[in-house]
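I have placed the structure first, in the form of structure tokens, so that the comments after it can refer back to it.
The values are calculated or read from the model by the stated rules, or taken from the named source; none is laboratory data. Since the structure is predicted, the reported quantities are computational estimates derived from the model, not experimental observations. Every residue, glycine among them, receives a Cβ derived from its backbone with ideal geometry; neighbour counts consider all protein chains shown. The area values use the complete protein model at the heavy-atom level, side chains included, leaving out ligands, DNA and RNA. Shrake-Rupley method; radii C 1.70, N 1.55, O 1.52, S 1.80 Å.
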Amino acid sequence: MSFDLDDFLPYRLSVAAAHVSRRFAERYAAEAGLTIPEWRVLAHLSRSGMVSIRDINRRVNLDKSIVSRAASRLEEAGHVLKSGHDRDQRLVALQLTPQGHALMERLGRIAQAYQAELLAELGEDGPAFRRALLRLAQHAE
């Protein structure tokens, strides 16, 4: 039996995910000069409100140090506010500033347009693909 990497589903998913992520990263980088970690932090905060770096780390699948550096850059740019965490003073809590919310409104429209393009590329396979991804993601949580 010979192993064919191109037929190995985890490999194909990884390659596809990296490609899709890079294509989208080009769009939000052009719009706002953001990196992938910065985008993920902003997107998570826009959905969750005030949360700790540790919470974001768990959700966005990036190392804590990468999330922390992204949060610092976003704070310097005026998009994020850092403060003490309500329940655990050892944690740093993050939340979007009004400027951060405005940026996420713009980026949200770009994200929705990109998702529509991806679904159009998938055609009639789109709904089944989304269901399959959700099933796979359930095992990761």
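General remarks:
- Within region 1-24, tally of residues that are over 16 Å from the mean Cα position of the chain (by Cα) and part of a helix (DSSP H, G or I): 9
- Qualifying positions in region 94-117 - farther than 16 Å from L34 by Cα, aliphatic (A, V, I, L, M) and exposed (fewer than 15 other Cβ atoms within 10 Å of the Cβ): A113, A116
- Selected residue [open to solvent by 50 Å² or more (accessible area, probe 1.4 Å) and at pLDDT below 90] from N57, N61: N61
- Just one of (1) at pLDDT below 95; (2) surrounded by 14 or more Cβ atoms within 10 Å (Cβ to Cβ); (3) among the charged types (D, E, K, R) fails for R27. It is (1).
- Selected residue [out of contact with any strand residue (DSSP E or B) (no Cβ under 7 Å at 6 or more places or on another chain), at pLDDT 90 or above, under 18 Å from Y114 (Cα atoms) and surrounded by 16 or more Cβ atoms within 10 Å (Cβ to Cβ)] from A70, A32, A77: A32
- Selection count, region 39-49, where residues are open to solvent by less than 30 Å² (accessible area, probe 1.4 Å) and free of Cβ contacts under 8 Å to residues at least 40 places away in the same chain: 1
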